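Accompanying notes for the structure given below.
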Amino acid sequence: MYRPEEAPVYFDGPPPDYTSMLTRVMEDRATGDMPTLMSVSLLKADSDAWSLGTDYARLIPHEQLPDISTERHYDVSRTRIIYRTEAEVEIPDCTCRFPQDIYVNTIDGSTIPRRIASARVVVSPTLNHAGTKAAWVEIKGKENSRIVVYDIVQDIEFTLIDDMDLTSASLVFSKVDNTLYFISANDILVSVYSLLIPQTPLSGPLDSPVPNLITETTSLSRIQALPNGNILATRLSYASPNEVIIIHNPQGAKVVEQVSHLNDDTVQRTNLTEGEAFEIPGMENAHGWLLKPKGWIKNDGIKRPVVLIHYEGSGAWSEQWFKLSNPNVLAAQGFFVVLMNSNSPAHTSHQGIYTSLAPFFTFRGLCKGKSAEVTGPVMK
């Protein structure tokens, strides 16, 4: 691999194995150790000093611990916890590949966890702040999902939206518990919606409420509802590590303000390329991203190499910062980088390209940069 103005550089052997840098990340797979959730009291002394209590309660008593590595797997409120785990009993008519059960428990672990749903494929289980209702996104098929609400007090489950053609990645209650906010991705765009929660239906079907579109963007994740009605979120970008934004007055003016500036100096020095989303007219679901070489001017007469990287799998290329395999590194060295998504017509595996380009993909300068990110338990 070489820059357009340089001679090729050849390696005596294969490129280095960059996965060795991920020892701590991959440690659980090697040892079988999995994290669990525990609760402990937080006490404030007369001197305004905070300290932890001495009694720790294990909130997940299952022998086979569920994966709770991200907030998409569990949530906590003032009184309860909700989490998902592998289904204990396989249901014959369940067509899902990896069925899961959903449990709720008290925050102090004083009761036995109660299973509220069986054999589902669930994303973002969440609780309202009073701990009286739970909600989650349930995957029904490859391109269909639904938003489910469960009334914990009355033991009633009902569906808010059925047969959505969008997959939600984040679902949270408003601070007053009367609205759900959720993010849904459609191709290369990400939309933020609000959804009013009706009264729990005691009998008969529920008229599905209509979601209200708050904003549509290409780079957003990890939303949190604030006490004043605004929304806190993580903004993603090809040109910078994550930053935090606030969506003011989401039901009205919907003004977006960036509130963290952890990487402004570094981003200005590197001047990385912003990704450009594209679609191919006449081809269904043909879309991706283009990163142009740094300093490129149209019709400048300079020939530049092109790298095509095709995402093959259940996910897709989206506008976000990549630490260990950043396509912007190639663009900074004079390459045109084309990122095609898996449901596009092109069909080129990216695994071999990653292996051969590993030394040129790692951006050591900003890999150590700070990244601001909204996380559920911390913000609460």
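The values are calculated or read from the model by the stated rules, or taken from the named source; none is laboratory data. Quick caveat, the model's predicted, so the values are computed rather than measured. Ideal geometry is used to build each Cβ from the backbone, glycine not excepted, and the neighbour counts take in all protein chains shown.
Quick notes on this one:
- If the condition is being crowded, with 18+ Cβ neighbours inside 10 Å and under 15 Å from ILE156 (Cα atoms), then region 116-126 contributes ILE116, ALA117.
- Of the residues making up region 229-259, those that are polar (S, T, N, Q) and under 12 Å from ILE214 (Cβ atoms) are ASN230, ASN249, GLN251.
- Of the strands (runs of 3 or more DSSP E) that lie entirely inside region 202-259, those containing 3 or more residues that are without any contact (Cβ under 8 Å) to a residue 40 or more places away in the chain span 212-217, 243-248, 255-258.
- Qualifying residue in region 201-212 (condition: crowded, with 18+ Cβ neighbours inside 10 Å and more than 30 Å from GLU157 (Cα to Cα)): no
- Any chance GLU216 is at pLDDT 85 or above, in contact with a strand residue (DSSP E or B) (Cβ under 9 Å, 6 or more places away or on another chain) and among the acidic types (Asp, Glu): no
- In region 163-190, of all residues being at pLDDT 85 or above and assigned to a strand (DSSP E or B), the one that is nearest to GLN320 (Cα to Cα) corresponds to ILE183.
- Where a residue in region 40-63 is among the acidic types (Asp, Glu) and its partner, wherever it lies, is surrounded by 12 or more Cβ atoms within 10 Å (Cβ to Cβ), with Cβ under 8 Å and at least six apart: ASP55/VAL40; ASP55/SER41
- Among residues of region 139-162 being of a type in the set (Lys, Arg) and part of a loop (DSSP other than H, G, I, E, B), the one that is modelled with the highest pLDDT is LYS140.
- Residues satisfying the stated conditions in region 102-115, i.e. in a strand (DSSP E or B) and surrounded by fewer than 17 Cβ atoms within 10 Å (Cβ to Cβ): ARG114, ARG115
- Qualifying residue in region 306-315 (condition: at pLDDT below 80, among the small types (Gly, Ala, Ser) and on the phi > 0 side of the Ramachandran plot): yes
- In this structure, ASN249 does satisfy being on the phi > 0 side of the Ramachandran plot and of a type in the set (S, T, N, Q).
- In region 28-45, of all residues being over 27 Å from THR79 (Cβ atoms), loosely packed, with under 11 Cβ neighbours inside 10 Å and not aliphatic (A, V, I, L, M), the one that is modelled with the highest pLDDT corresponds to ASP33.
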